[in-house]
Amino acid sequence: MSTKIHLEQYLKTTKAKGASIPIGLQELLIAVANTCTTLSDEVAQGALIGLLGSAGTGNVQGEVQQKLDVIANDLLIEGVQECKALAGLASEEMELPMPVQGTGDYLLLFDPLDGSSNIDVNVSIGTIFSILHKQNPIAALQNSDFLLSGRHQAAAGYVVYGPQTTMALTLGDGVVMFTLDKATGQFVLIKDRVEISPTTKEFAINMSNMRHWAEPVRRYVLECLDGVTGTRKKDFNMRWIASMVADVHRVLSRGGVFMYPWDQREPNKPGKLRLMYEANPMSFLVEQAGGASTNGKQVIMDIQPQDLHERVSVMLGSKEEIERLQSYHA
Ligand code: P6P
């Protein structure tokens, strides 16, 4: 039986761009993983421990918070706040960033439980995290410290709570995946170089919004629907789980295109998904796996954020398809 490599061991021994992983970053990633291990058990218990349904509160996004949203947010804050290398954290569930005890090099941003509308119907959900290099480590934390483009990420990943609890992680030198061994509580390495095929026959988008999309997206999707009868000369398959972590995990696992584009329902909002703790970490993973990620006009990780909770149009996945989408937006 091949030896099992656990996350902690992997972080101790691997190199990213020829350099060992800084101890502080290792500690932070282990703290996130340990918290997600606890969260995996909470999610799996669901109704058995009265955790389904609304918390009766709203978040900064104006969304109704599910009980598990609040629990996940609190668990992550508790799990990482003593990490010495952490200078501050920000969450989808909180309006402002939060200083922590550490005074180190890193800023942690997360969507504690993405896809939470799926909690009550037992569909996969997940935790998304992004770790930024703080640009002025010694100065006191400012809210503006978080407004860095995705190119400043030291690491990014997600943990999907599905049939398996699986983590995808990038440290800037490829993408690896680990699955939680419930018997030992350890994340065990299952893939050491995740690669997205440049071509695909599978796309993911919420088709009910079709009449609201901009023309380039309509054109792309209609060509996919035309299949062999149209210009693409191949048939496509469609998936939509309505849980970004699950949809992106599929793209990382077997290729494909994930889209949540701008639409005219809220014309003044660039999109539904958030740049800092959804689009940027997912884009880092996808680019590191050989894919591409755009808002139609710009590479997502090049976007200079103006606000912690700003939204963005997202199209990511197999490189040739994303390049086609970008050409339609030109
Ligand atoms: P819709 C979940 O609420 C989420 O933020 C993403 O995880 C998911 O991709 C999207 O919204 C689903 O949105 O409009 O299809 O319900």
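Worth pointing out:
- Among (1) out of contact with any His (no Cβ under 9 Å at 6 or more places or on another chain); (2) open to solvent by 20 Å² or more (accessible area, probe 1.4 Å) - the single one Arg265 does not satisfy: (1)
- Qualifying positions in region 124-136 - open to solvent by less than 50 Å² (accessible area, probe 1.4 Å) and either within 12 Å of the ligand (Cβ to nearest atom) or assigned to a loop (DSSP other than H, G, I, E, B) (or both): Ser124, Ile125, Gly126, Thr127, Ile128, Lys134
- Candidates Asp235, Asp226, Asp247 - the one that is farther than 24 Å from Asn268 by Cβ, modelled with pLDDT of 95 or more, within 11 Å of the ligand (Cβ to nearest atom) and of a type in the set (Asp, Glu): Asp247
- Checking Gly290, Gly296 one by one, the residue that is under 21 Å from Gly172 (Cβ atoms) and of a type in the set (Gly, Ala, Ser) is Gly290 and no other.
- Residue that is surrounded by the fewest Cβ atoms within 10 Å (Cβ to Cβ) [pool: residues in region 174-207 that are within 17 Å of the chain's Cα centre (by Cα) and in a loop (DSSP other than H, G, I, E, B)]: Glu195
- Scan region 47-59 for residues that are at pLDDT 75 or above and closer than 16 Å to Leu75 by Cα and the total you get is 1.
- Scanning region 137-163 for residues that are open to solvent by less than 50 Å² (accessible area, probe 1.4 Å) and outside any loop (DSSP other than H, G, I, E, B) turns up Asp145, Phe146, Gly150, Gln153, Ala154, Ala155, Ala156, Gly157, Tyr158, Val159, Val160, Tyr161.
- Residues (out of contact with any strand residue (DSSP E or B) (no Cβ under 6 Å at 6 or more places or on another chain) and either more than 16 Å from the ligand (Cβ to nearest atom) or among the small types (Gly, Ala, Ser) (or both)) located in region 202-223: Ser208, Ala214, Glu215, Pro216, Arg218, Arg219, Tyr220, Leu222, Glu223
- Of the listed requirements (1) of a type in the set (Gly, Ala, Ser); (2) at positive phi; (3) open to solvent by less than 10 Å² (accessible area, probe 1.4 Å), Gly290 misses just one: (3).
- Note on region 77-106: among residues that are open to solvent by 30 Å² or more (accessible area, probe 1.4 Å) and under 16 Å from Leu147 (Cα atoms), the one that is nearest to the chain's Cα centre (by Cα) is Met94.
The values are calculated or read from the model by the stated rules, or taken from the named source; none is laboratory data. Quick caveat, the model's predicted, so the values are computed rather than measured. Note that each Cβ is placed from the backbone with ideal geometry, even for glycine, and that neighbours are counted across all protein chains shown. What goes into the accessible areas is simple: the full protein's heavy atoms, side chains included, and nothing from ligands, DNA or RNA. Shrake-Rupley method; radii C 1.70, N 1.55, O 1.52, S 1.80 Å.
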